[in-house]
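Written below as structure tokens is the structure these notes are about.
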Amino acid sequence: MPSSDEGVRTLSSTQPPAQSLRPSVTAETVRVAGAETALFWIGAASGERALLVWAHGWGHSHRNMLELAEAMRQAAPSVLLDLPGFGDSPPPPAAWGTADYADAIAEWLGGLPPGRRIWVGHSFGCRIGLQLAARHPELVDGLFLIAAAGLQPRRPAWTRLRIGARRLAFRLVRAMTPEGPARERLRA
């Protein structure tokens, strides 16, 4: 279990209040970057094995990844996050972008004992993981991304040019086409 650290304050460390959690899961709430974040631990973190940090997708909670984390119990300890504004975590004090979430999680990760950490993200959790790795590379040793949202495919320059030309042509034709059946045919 993590300990309290400068800037990261443990609010509670008890068995989870949520009904769907299993007895093998220990819950705690930490305050980082002015927001409360619910954490759900499976196994004890140690420096010997990598810690898997699980981040859910938009509109979800740790419960969506709980079975996967439990299946990994023998391989590594896990901590599942309810990102601020989701699941058991209240909303952050203001609207946050992925960089804000990454910085808040970095504040918490920085207070953990040294050790290897693998970020396991789904969808929105992937975007946060990418921001975390880019902004705080010393805090994560690997990313495992599931259904990564917002990752643009690497395309050759000629393909990007062709796609851009098609988009521009469509926008020009749409701008010159009056509302009505002709515009509807463009949408089809």
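The values are calculated or read from the model by the stated rules, or taken from the named source; none is laboratory data. Nothing here was measured: the structure is a model prediction, and the numbers come from that model. Because the Cβ atoms are built from the backbone with ideal geometry, glycine has one as well, and the counts that use them run over all protein chains shown.
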Review point. Residues in region 88-107: is at least one under 22 Å from residue 24 (Cα atoms), among the hydrophobic types (A, V, I, L, M, F, W, C) and touching a strand residue (DSSP E or B) at 6+ places or on another chain (Cβ under 9 Å)?
Key: no
Study note, to complete from the structure: residue 28: passes all of (1) crowded, with 20+ Cβ neighbours inside 10 Å; (2) in a strand (DSSP E or B) but (1)
Practice item. Return a yes/no flag: does region 153-169 have any residue that is under 30 Å from residue 76 (Cα atoms) and surrounded by fewer than 12 Cβ atoms within 10 Å (Cβ to Cβ). Key: no
Exercise for review: Spot the failing condition for residue 35; the list is (1) of a type in the set (A, V, I, L, M); (2) at pLDDT 95 or above; (3) closer than 18 Å to residue 143 by Cα, and only one is missed.
Suggested key: (3)
Exercise for review: Report whether or not residue 185 is farther than 22 Å from residue 59 by Cα, of a type outside the set (Gly, Ala, Ser) and surrounded by 11 or more Cβ atoms within 10 Å (Cβ to Cβ).
Suggested key: no
**Study point:** Selected residue (only one of 63, 31 is out of contact with any Lys or Arg (no Cβ under 6 Å at 6 or more places or on another chain) and basic (Lys, Arg))
**Key:** 63
Review point. Can you name the residue in region 100-129 that is at pLDDT 95 or above and aliphatic (A, V, I, L, M) and, of all such residues, is nearest to residue 35 (Cα to Cα)?
Key: 104
Practice item. Could you tell me whether region 137-152 includes any residue that is under 16 Å from the mean Cα position of the chain (by Cα), without any contact (Cβ under 8 Å) to a residue 12 or more places away in the chain and surrounded by fewer than 11 Cβ atoms within 10 Å (Cβ to Cβ)? Key: yes
Check your understanding: Which one of 51, 112, 81 is over 15 Å from the mean Cα position of the chain (by Cα), at negative phi and buried (at least 22 other Cβ atoms within 10 Å of the Cβ)?
Key -> 51
Review point. What residue, of 182, 149, is at pLDDT below 95, in contact with a Lys or Arg (Cβ under 8 Å, 6 or more places away or on another chain) and not charged (D, E, K, R)?
Key: 149
Check your understanding: Would a scan of region 56-68 turn up a residue that is surrounded by 22 or more Cβ atoms within 10 Å (Cβ to Cβ), modelled with pLDDT of 95 or more and closer than 17 Å to residue 24 by Cβ?
Key -> yes
Review point. Taking the condition aromatic (Phe, Trp, Tyr) and free of Cβ contacts under 8 Å to residues at least 12 places away in the same chain, does residue 119 pass?
Key: no
